[in-house]
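The block underneath contains the structure these notes are about, expressed in structure tokens.
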Amino acid sequence: MIRTTDDVIIKTVSRIFTPFIQIFALYVIMHGHYSPGGGFQGGVILGAGFILLVITQGLDETRRRFSQKLDTIFCSIGLLVYSGIGMLCLIIGGNYLDYSKLSKILPVLAAKARSLGILGVEIGVGIGVMAVMYSIFSDIVTGGE
Amino acid sequence: MQQFFLIVGTGLCFLVLLCLYRGVFGPTVLNRLAGISAIGTKTLVILLLMGFIYGRVDMFVDISMVYSILNFIGTLAVAKYLETKGEV
């Protein structure tokens, strides 16, 4: 079990630093098709922000803000977004994750629909990876209780 | 200008080797931690120099920023582990 740190420098720096990490993770997720990155990488950075909070502020404080129940819900939402978009393409009449078929229900061209579909899948993967990383880390910290 | 970046990058690679010596043969665990942290900082600068050499520094800024964030969190995690185990 991780206790809270006594050092005021580490606590303050990490508290100021965490929002910037999360904004940078969102940038990596949203900008993933123009630059290095994408859903998985952005999710890992987002989870690293939570791991930094657990290390410096203690597990109890972090669980008060972001509980385990909420973590499970986020994990399920991420998987649901990913497989939901894939199954939606399957239902409309294409292959699994065939984004260009999304232009039948969205008022855009096929190329734009493909870009939007990739963005949606990346958001789903990012949410799922963030939740799973936080859950694995808190399992390791508490010894699987 | 690319020649200059190449020379600076090679010099930094030599400095990484010196830090690696401290990381492998360090007398105590804190020496190893400081050596590995210094390697991370030098790797960040080497990545940016590679970006200048290839002419795509906008891509390499993202990579080096992620590297610095993970280096910071990793150093803190190892320090926390040593504090919890009471080895220092």
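Read-outs throughout are calculated quantities, based only on the coordinates presented, and are distinct from any laboratory measurement. This structure is a prediction, so every number in the text was calculated from the model and none was measured. Reconstructed Cβ throughout: ideal geometry from the backbone, glycine too, with neighbour counts over all protein chains shown.
Once both labels are modelled 7 Å past Cα along the beta-carbon direction, what's the B:Leu70-A:Val141 spacing in nm?
Simple spin-label model gives 2.0 nm for this pair.
If r is the Cβ-Cβ distance from B:Phe4 to A:Ile91 and R0 is 41 Å, what FRET efficiency results, to the nearest 0.05?
Working: r = 58 Å, r/R0 = 1.41.
My answer for the efficiency is 0.10.
With the Cα gyration tensor of chain B in hand, give its eigenvalues times 5 under a square root as the equivalent ellipsoid semi-axes, listed largest first in whole angstrom. Please list the in-between numbers first.
Working: eigenvalues 174, 54, 4 Å².
For chain B, the ellipsoid semi-axes come out as 30, 16, 5 Å.
Could you work out [θ]222 nm for the protein assembly as shown from helices alone, using -39500 (n - 2.57) per DSSP H run of at least four and dividing by all its residues? Round to the nearest 500 deg cm²/dmol.
When only DSSP H runs of four or more count, the value is -28000 deg cm²/dmol.
Among B:Met1, A:Met130, B:Met65, A:Met30, rank each residue by its count of other Cβ atoms within 10 Å, from fewest to most, as a rough exposure measure. Could you put the intermediate results ahead of the total?
Values: B:Met1 7, A:Met130 27, B:Met65 19, A:Met30 15.
Taking fewest neighbouring Cβ atoms as first place, the list is B:Met1, A:Met30, B:Met65, A:Met130.
Roughly what would the spin-label model give for A:Ser67 and A:Leu79, points 7 Å off Cα along C-beta, in nm?
Going by the 7 Å Cα→Cβ label model, 2.1 nm.
Cross-link partners among lysines for B:Lys42, C-alpha distance below 30 Å, same-chain residues fewer than 8 apart left out?
A:Lys11, B:Lys80, B:Lys85
Sorted from fewest to most neighbouring beta carbons within 10 Å, what does the list B:Ile53, B:Ile7 look like?
B:Ile7, B:Ile53
So which lysines can A:Lys101 reach, going by Cα to Cα under 29 Å and dropping same-chain residues fewer than 8 places off?
Within reach: A:Lys112.
Under the rule a/c < 1.5 gives rounded, and otherwise a/b versus b/c splits prolate from oblate, where does segment A:8-142 land using the Cα gyration tensor?
prolate
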